[in-house]
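The values are calculated or read from the model by the stated rules, or taken from the named source; none is laboratory data. All of these numbers come straight from a predicted model, not from anything done at the bench. Note that we place each Cβ from the backbone using ideal geometry, even for glycine, and neighbour counts take in every protein chain shown.
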Amino acid sequence: MQQFLNYLNSTQTPGETGNFAWATIYILIIFGGISVAVIAMNWLERKVLAHMQVRLGPMRVGPHGLLQPIADALKLLIKEDIMPAEADRLMFWMAPVIVVITAFTVFIVIPFGPTHAVTDMNIGVLFMLGVSSLGVLGIIMAGWASNSHYPLLGALRSSSQMVSYEIAMGMAVISAILMTTLTADGAGTLSMIQIVQAQDKQQMWFLFRMFPFGFLAFFIFAIAMVAETNRAPFDLPEAESELVAGFHTEYSGFRWSLFFLAEYAAMLAVSSIAVTLWMGGWMRPFSHWLAGDTWDAFFSFFPAATFFLLFVVALAGTVRMPKHAAFKIQKAGLGAFALVLGGIGVLLLIPPVKDRIQDIYWFVAKVSVFMYAYIWYRGTFPRYRFDQLMKLGWKVMIPVGIAVLIVVAAAPAFNFVW
Amino acid sequence: MTFKELTRKVLLLDLLQGLALTFRYQNPKEIYTEQYPLQRPRVAERYRGAPRLGVNAETNETLCIACDLCALACPEHLIVVTSERNPNTRRKELTTFTYDLSRCMFCGLCEDACPTDCLELTQDFELASYSREGMIWDRTTLERGPQPTKYER
Amino acid sequence: MADDTKSRTAHLDLDTPESQIETYMHRRAAPAREEETYLDANELVLNMGPQHPSTHGVLRVILKLDGEKVLGTECIIGYLHRGVEKIAENRTYTMFNPYVDRMDYVAAVSNGLGYCEAVEKLLNIEAPPRAQYIRVILAELNRLASHMLWLGTHALDIGAITPLFYTFRDREEILKIFEKYCGARLTTHAFRIGGCQYETYEGFEQDVIKFCKFVRPKIDEYETLLTTNRIWVERTRGVGVISAADAIDFGVTGPVLRASGVKWDLRKAQPYAAYKNFEFDIPIGQNGDTYDRYIVRIAEMHQSLRIIEQAVGAIPEGPIMGKVPKVMKPPVGEIYHSIEAPKGELGYFIVSDGSTQPYRVRVRPPSFVNLQALDKMVRGALVADVVAVIGTIDIVLGEVDR
């Protein structure tokens, strides 16, 4: 028991110390956290997209539609389980499972803080690239097993799209890894935690390292990750107006919700990778520029401040609710929700919590910027055509990626690093 | 390609402009949706909605003279007017008037045809009914308007 | 190729019992010969519609694909057939008027205008000038509404979901003017034979002018989202090209024809209503591709605003209804009258036998004729282009099937 508690002061991840109990707890927390994030993301996407489109979005289930994703999830769970008569039953059953497993497995190596990762693999980046590319297998299986034309076309599009963009993605990732060698001892690393620590040591996010090449590599990754997760403007595999719903046309109910869960989990995963590789992972912004105890104290209030802001927004929403008998329960619910947010804010002010939550807070904040961008793209851009997508991938992204890689690899050899 | 176009293309200005536009529109003041049962839409004065038979406000007598012009004007032949001649005044008097709303396309031709401005299409636009029979309005419904079902706990 | 013709005729053969129709599904279940099995075929037959998100209603397109490349298409229409032309034979001239609104239901005013003018020509009467001006204003507002709906749905087909909501929001303002003027938003029944039934309401002119001022920046906003957007340009430029000669051969009219570079607009070529009094340009394109059709329609929206602004300041005083007999009995004869509807040439051919009901009414719907060019436009393109081209032709299935 003592050993169990001692872990809290350890400086290693549970995987490294072989602490099985804590690893299990971490896995459960991450699984729960991702599921909650997907639910929140579902609500946010509908709300933000609606506001971009001069609509209100969900408003009826719970105050401002806050309970809508839960209602939807319940609906999906109790729907009839339909399997097409001519479907390949085993593959049809396995496809969503594979997609979900791969999407969640990536999170094993993602560091939410110096010790907040399930494990710190010394080949973390390779593991992440390998596992996330397995997801395409599930999609192809789904398309094939449905035994229908639209899913088949969607699956084929998806496979070629993912394979092509993985190359560009790999080029960008390698240039980030090369940047980890730009230290005095020149030792590079593939471990996700050490990549962030390398950025800490070099006192600079890789985003700004060797400007603009670090930025270019990040930019290529940022585009490739949208394509990799099949989101607009690269959402060809599930292009609604062309292929009805692409590879998951024949899926419904719980199986479909697994695809949905996997899509959002994958979005979170690739965003986390981008944050880890280029945006300093758990480091707070300006951690070297605005260093010192005062600034540390100042930035440590951000988590609580965020929740207080949400508390104020929710409170304002409660006050502005229409004065109508039908809104009594909603008003109370939103008020209670505001209080919960405020309570969390107060909780985050308690010193031990305040210190420990820092890393996770900044990591989540950076990831949420990416999530917002995903919604934003979807609300703004038309969809690429299949051949144009391939053209962009092979004729623009990969050459630029290779060029960036060559510069990043060659510059240190001439002692020309900035 | 001119230099300007090239800069636009490399700096992704075309995409950023679109992004800026959608970002601006997130202002909640721009929301256009009406929350229908709470916010009642204000229909125009000339709106062609539920039909109504006018009655004389003082005597409570119908204004309809049973001339059958509306029934003749209706493209869907959904109005049926029956009348009988009053032996005392020797005038035609309205007995029944049925109007099948389920077939009505609210073209307003009956309204135009009515010589006494008795039949008119009003601003009432909520015409849902629980049954097909409920869509066939008789004379009382047309004169008083549909009476909502009252539910009690 | 023999295979091709077989499946083509199978759908049209009404005498064959359904069990004997050889469709793709039947062939697959029980292959007639060994070499006809599914696995050996290099053609993929994809059935798009009638329940598909982007066939604009109930159009059914059977695509023959090689991978994603389209080898041929076959349009199957009639899922929304209501027999409007037959209904006309059993209604008096006045009674048929509201039915024409239900053909192209997003441009009901134009439909009504065409029908009323055709019957007026048959009766040899003319609507008074005030009615003519009101007709022009409403018809042009309707053109804007139709183009806005087209833009929203077309952009949605290509994957941009946001313009749909902006266009619908602005179209709402037009519908409000319609509602205030004639009491209905969509199927307006705004005009009657011989003029207009309704006098303009108080504040009509101000409403229209206010709308024109309101909508100009909004059109610029749609352009910000689309015109220069590289994805939009790539998706539309060079897609669904139809040359001027081909367009004329197919009988294509409206913006689709003008985008191919043919300057043909019935408002200029055969001025009807009060159009000869107004100054406006006919925007034309050069390449006849989807991008040009988009540009032409956007330019037309600006031209419509120009016409509206000229007309609304110059509405003459006077009656709104011409001298029309109570019982309409046109002389024996026939008439063809066509107008420039938002989608192209909308023609009415009416045969009168001297009775109160037309002997025959035939409608020349622009959507139906334009749809014929679909196969020409998409052959050799990709599946995604089929959707874009269906959107750019701007079909309304109510009008195609009638």
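Tell me which of these residue C:190 doesn't satisfy, since it passes every other one: (1) more than 12 Å from every other protein chain (Cβ to nearest Cβ); (2) touching a Cys at 6+ places or on another chain (Cβ under 6 Å).
Residue C:190 satisfies all of (1) more than 12 Å from every other protein chain (Cβ to nearest Cβ); (2) touching a Cys at 6+ places or on another chain (Cβ under 6 Å) except (1).
It is to be established whether one or more residues within the stretch A:267-285 are farther than 30 Å from residue A:221 by Cβ and either surrounded by fewer than 13 Cβ atoms within 10 Å (Cβ to Cβ) or touching an Asp or Glu at 6+ places or on another chain (Cβ under 7 Å) (or both). Walk me through it before giving the result.
Here is the first cut: in the stretch A:267-285, the ones farther than 30 Å from residue A:221 by Cβ are none.
No - not one qualifying residue is present in the stretch A:267-285.
Counting just the residues of the stretch A:199-233 that are among the aromatic types (Phe, Trp, Tyr) and in contact (Cβ under 8 Å) with a residue 60 or more places away in the chain, which one comes out surrounded by the fewest Cβ atoms within 10 Å (Cβ to Cβ)?
A:211
Can you pull out the helices (runs of 4 or more DSSP H) entirely within the stretch A:226-341 that have at least 3 residues that are under 30 Å from residue A:197 (Cβ atoms) and away from every other protein chain (no Cβ under 14 Å)?
Hits in the stretch A:226-341: A:253-278, A:293-300, A:302-319.
Take the residues of the stretch C:238-270 that are of a type in the set (A, V, I, L, M, F, W, C) and assigned to a loop (DSSP other than H, G, I, E, B): which is nearest to the other protein chains (Cβ to nearest Cβ)?
That would be C:239.
Can you pull out every residue in the stretch C:361-399 that is away from chain A (no Cβ under 14 Å) and of a type in the set (A, V, I, L, M, F, W, C)?
The initial filter retains those residues of the stretch C:361-399 that are away from chain A (no Cβ under 14 Å), namely C:361-377, C:379, C:393-399.
Hits for the stretch C:361-399 are C:361, C:363, C:368, C:369, C:371, C:373, C:374, C:377, C:393, C:395, C:396, C:397.
Considering the stretch C:169-208 alone, what residues qualify as being in a helix (DSSP H, G or I), in contact with a helix residue (DSSP H, G or I) (Cβ under 6 Å, 6 or more places away or on another chain) and either of a type outside the set (A, V, I, L, M) or surrounded by fewer than 20 Cβ atoms within 10 Å (Cβ to Cβ) (or both)?
C:170, C:171, C:173, C:205, C:207
Just to be sure, is residue C:235 within 17 Å of residue A:380 (Cβ to Cβ), more than 11 Å from chain B (Cβ to nearest Cβ) and in a helix (DSSP H, G or I)?
Judged against the criteria, residue C:235 is a match.
Please indicate, with yes or no, whether at least one residue in the stretch A:123-146 is part of a loop (DSSP other than H, G, I, E, B) and either crowded, with 21+ Cβ neighbours inside 10 Å or in contact with a helix residue (DSSP H, G or I) (Cβ under 6 Å, 6 or more places away or on another chain) (or both).
Within the stretch A:123-146, one or more residues are part of a loop (DSSP other than H, G, I, E, B) and either crowded, with 21+ Cβ neighbours inside 10 Å or in contact with a helix residue (DSSP H, G or I) (Cβ under 6 Å, 6 or more places away or on another chain) (or both).
Can you name the condition, by its number, that residue B:26 falls short on among (1) facing another protein chain (nearest Cβ under 9 Å); (2) surrounded by 15 or more Cβ atoms within 10 Å (Cβ to Cβ); (3) in contact (Cβ under 8 Å) with a residue 12 or more places away in the chain?
Against the list (1) facing another protein chain (nearest Cβ under 9 Å); (2) surrounded by 15 or more Cβ atoms within 10 Å (Cβ to Cβ); (3) in contact (Cβ under 8 Å) with a residue 12 or more places away in the chain, residue B:26 comes up short only on (3).
Restricting attention to the stretch A:365-385, does a residue exist that is hydroxyl-bearing (Ser, Thr, Tyr), away from chain C (no Cβ under 14 Å) and farther than 30 Å from residue C:155 by Cα?
no
Are there any pairs with C-beta distances below 9 angstrom linking a residue in the stretch A:120-133 that is assigned by TED's automatic domain parsing to the domain that holds residue A:162 to a residue that is among the acidic types (Asp, Glu), with the two at least 6 apart or on different chains, and if so which?
Cβ pairs passing all conditions: A:120/A:16; A:129/A:166; A:132/A:166; A:132/A:228; A:133/A:166; A:133/A:228.
Looking at the structure I just gave you, is residue B:16 farther than 29 Å from residue C:189 by Cα, part of a helix (DSSP H, G or I) and among the hydrophobic types (A, V, I, L, M, F, W, C)?
yes
Looking only at the stretch A:111-161, count how many residues are of a type in the set (S, T, N, Q) and closer than 30 Å to residue C:46 by Cβ.
Final tally of qualifying residues: 8.
Examine the stretch C:196-211 for a residue that is touching a Cys at 6+ places or on another chain (Cβ under 8 Å), more than 14 Å from chain A (Cβ to nearest Cβ) and not aromatic (Phe, Trp, Tyr), and state whether such a residue exists.
Yes: the stretch C:196-211 contains one or more residues that are touching a Cys at 6+ places or on another chain (Cβ under 8 Å), more than 14 Å from chain A (Cβ to nearest Cβ) and not aromatic (Phe, Trp, Tyr).
Check the stretch B:50-66 and report whether any residue there is assigned to a loop (DSSP other than H, G, I, E, B) and either over 30 Å from residue B:94 (Cα atoms) or facing another protein chain (nearest Cβ under 9 Å) (or both). Please lay out each step first, then the result.
Residues of the stretch B:50-66 assigned to a loop (DSSP other than H, G, I, E, B): B:50, B:54, B:56-61, B:63-66.
Applying the additional criterion that residues be either over 30 Å from residue B:94 (Cα atoms) or facing another protein chain (nearest Cβ under 9 Å) (or both) yields none.
No, every residue in the stretch B:50-66 fails to be assigned to a loop (DSSP other than H, G, I, E, B) and either over 30 Å from residue B:94 (Cα atoms) or facing another protein chain (nearest Cβ under 9 Å) (or both).
Given the structure, is residue C:345 crowded, with 17+ Cβ neighbours inside 10 Å and part of a strand (DSSP E or B)?
Spelling it out, residue C:345 is indeed crowded, with 17+ Cβ neighbours inside 10 Å and part of a strand (DSSP E or B).
Do the conditions hold for residue C:142, that is, is it away from chain A (no Cβ under 14 Å), over 30 Å from residue A:380 (Cβ atoms) and assigned to a helix (DSSP H, G or I)?
Criteria not met by residue C:142.
Is it true that residue C:294 is within 25 Å of the chain's Cα centre (by Cα) and crowded, with 22+ Cβ neighbours inside 10 Å?
Yes: the conditions hold for residue C:294.
Does residue A:219 count as out of contact with any helix residue (DSSP H, G or I) (no Cβ under 7 Å at 6 or more places or on another chain), of a type outside the set (Ser, Thr, Tyr) and closer than 25 Å to residue A:89 by Cα? Give the derivation first.
Details: out of contact with any helix residue (DSSP H, G or I) (no Cβ under 7 Å at 6 or more places or on another chain): yes; of a type outside the set (Ser, Thr, Tyr): yes; closer than 25 Å to residue A:89 by Cα: no.
No: the conditions fail for residue A:219.
Restricting to the stretch A:182-198, and then to whatever is under 22 Å from residue A:289 (Cα atoms) and touching a residue at least 12 places away in the same chain (Cβ under 8 Å), can you tell me which residue is surrounded by the fewest Cβ atoms within 10 Å (Cβ to Cβ)?
Only one residue fits best here, namely A:183.
How about the stretch C:70-133: which helices (runs of 4 or more DSSP H) wholly inside it have at least 3 residues that are buried (at least 21 other Cβ atoms within 10 Å of the Cβ) and within 21 Å of the chain's Cα centre (by Cα)?
Answer list for the stretch C:70-133: C:93-100, C:108-123.
Where in the stretch B:71-153 are there strands (runs of 3 or more DSSP E), lying fully within it, with 1 or more residues that are within 14 Å of chain C (Cβ to nearest Cβ)?
Details: elements: B:79-85, B:92-100, B:119-121.
Answer list for the stretch B:71-153: B:79-85, B:119-121.
Would you call residue A:168 surrounded by fewer than 18 Cβ atoms within 10 Å (Cβ to Cβ) and assigned by TED's automatic domain parsing to the domain that holds residue A:276?
no
Name, by its number, the condition in (1) more than 23 Å from the chain's Cα centre (by Cα); (2) surrounded by fewer than 19 Cβ atoms within 10 Å (Cβ to Cβ) that does not hold for residue A:160.
Condition not satisfied by residue A:160: (1).
Yes or no, residue by residue, for (1) over 28 Å from residue B:23 (Cβ atoms); (2) within 14 Å of chain C (Cβ to nearest Cβ):
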{"site": "A:19", "(1), (2)": "yes, no"}
{"site": "A:27", "(1), (2)": "yes, no"}
{"site": "A:31", "(1), (2)": "yes, no"}
{"site": "A:39", "(1), (2)": "no, no"}
{"site": "A:50", "(1), (2)": "no, yes"}
{"site": "A:60", "(1), (2)": "no, no"}
{"site": "A:64", "(1), (2)": "no, no"}
{"site": "A:70", "(1), (2)": "yes, no"}
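Tally time: how many residues in the stretch C:179-226 are closer than 30 Å to residue C:330 by Cα, small (Gly, Ala, Ser) and over 26 Å from the mean Cα position of the chain (by Cα)?
The total comes to 0.
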